[in-house]
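Colleague: Right, I'll just put the structure down here and ask away after.
Rule-based calculations on the coordinates, nothing more; no lab input. These numbers were taken from a predicted model, which means no experiment stands behind them. Quick reminder, even Gly has a Cβ in these numbers, built from the backbone with ideal geometry, and neighbours come from all protein chains shown.
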């Protein structure tokens, strides 16, 4: 119906807009790949727009055409990292079978493995400074909630006395506790574990956090 | 004995060295105060030597006379923060009485309070980036170990089956777990708790971590 009302110029404009939109999506994808590679190579700190656009083979302005700013681009890289993390955690939880404690233990160990394998990308997820003064978009918050949901699911089978709000709080606390152990270890601080004791303490934490009903 | 061997010039030189050493200590103290205030006001990121020396009323070179570099000065500020934290935790653990679980709970809650009250100084303690490529001096590592020792002490009364190495690992894990919950909360992330649920989850974590003997 619309098409019959368009003249030939309008039709070509439509084609043009579609082509431009495709090009913009293609540029976005290229910039995300370039930014990810830069973060993997040198970390998220000191990431420079000009390096990324140079790697992606576009003008500096191209970045600001495709994304609101460098922070917005970093959030998109983080979005891909969270997707990859969720895929890894989902696979681990499925492989762990039906016992909820074993599922939670598998989640913690898969989290440790992922963080170790993708150090720089994983640090970028939690580098508050590189995203200071940035509003985290809803789709990214939704990704974070979805990850906590992976923990809440087996936890629900154990913490039968908790309502949904308390269950969510417990899942967040369990995530944060595991995250704390993984972070201090990967940062290689004095107060940090490594090797076998690290995995052992992570398992102990998860088992104890999900066993004593006090 | 040495003095009898000194001539008058050497004696005056000695006085001079002592006076210079006093002055250097006084300058160090002033620079630490200036750096601490800057960190409290604007955080440890982007801290500039020229701002600190200007605040302390000395030439830029004064900083490099008193400290190896800006990182060395930051470590000295962190050292004072760790001293203050240790004093706070020691007071909390003493006030908690003799029950080891209550002592550990008091430590976790005092840690949360301290971090909340001294956010910027506390973040500076864990800002790996601001101290990248810096060797942490032994006295500072010793301070960190001393803090973990505060946790290990009551834990020893509970975890009677653990040898010293495993006890140290458990104390580190407990610290890191509490630290993770406190950090993600203070950074105000989606995956972070606040208010009553935060204190409740911290207590639950400590109680469970120190109860189930699995």
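Colleague: Ratio to report: Rg/Rh of segment B:8-67, with Cα atoms as the point set and Rh obtained by the Kirkwood method; give two decimals. Show your work: numbers first, answer last.
Modeller: Numbers: Rg = 14.6 Å, Rh = 12.6 Å.
Result: Rg/Rh = 1.16.
Colleague: Hey, another quick one. Taking the axis that carries chain B onto chain A, what is the nearest Cβ in chain B, and at how many Å, to the whole number?
Modeller: B:180, 1
Colleague: Oh, and also: Could you calculate, for segment B:63-106, the ratio of the Cα radius of gyration to the Kirkwood radius, expressed as Rg to Rh? Working shown, then result.
Modeller: On the way: Rg = 16.2 Å, Rh = 12.3 Å.
Expressed as Rg/Rh, it is 1.32.
Colleague: Can you work out the FRET efficiency for the pair residue A:119 and residue B:59, with r the C-beta to C-beta distance and R0 = 25 Å, to the nearest 0.05? Don't skip to the end; give the middle numbers.
Modeller: Working: r = 40 Å, r/R0 = 1.61.
Result of the calculation: an efficiency of 0.05.
Colleague: Can you give the direction-averaged projected area of the convex hull of the alpha-carbon atoms in chain A, in nm²?
Modeller: Details: hull surface 68.2 nm².
If you wrap the Cα atoms of chain A in a convex hull and average its projections, you get 17.0 nm².
Colleague: If one computes P(r) from the Cα atoms of segment A:108-214, what percent of pairs lie at distances over 25 Å?
Modeller: Values: 1581 of 5671 pairs.
So the portion of pairs separated by more than 25 Å is 28 percent.
Colleague: For a bin width of 10 Å, list the pair-distance distribution of segment A:141-188 built from all Cα-Cα distances, rounded to whole %.
Modeller: In whole percents, the pair-distance histogram is 27, 46, 23, 4.
Colleague: How far is it, in nm, from the label point at residue A:141 to the one at residue A:86 when both lie 7 Å from their Cα along the line to the Cβ?
Modeller: 1.6 nm
Colleague: Please pull out the direction-averaged projected area of the protein assembly as shown, using the convex hull of its alpha-carbon atoms, in nm² to one decimal place. Don't skip to the end; give the middle numbers.
Modeller: Working: hull surface 124.9 nm².
One quarter of the hull surface, i.e. the mean projection, equals 31.2 nm².
Colleague: Once you wrap a convex hull around the alpha carbon atoms of segment B:41-122, what is its projected area averaged over all directions, in nm²?
Modeller: On the way: hull surface 25.3 nm².
It is 6.3 nm².
Colleague: If you don't mind, there's one more thing I want to ask. Using a Förster distance of 35 Å, how high is the FRET efficiency between residue A:102 and residue B:132, based on the Cβ-Cβ distance and rounded to 0.05?
Modeller: 0.35
Colleague: Got the residue B:139 label distances to the other copies yet, label 7 Å along Cα→Cβ, in nm, shortest first?
Modeller: Listed shortest first, these distances are 5.3 nm.
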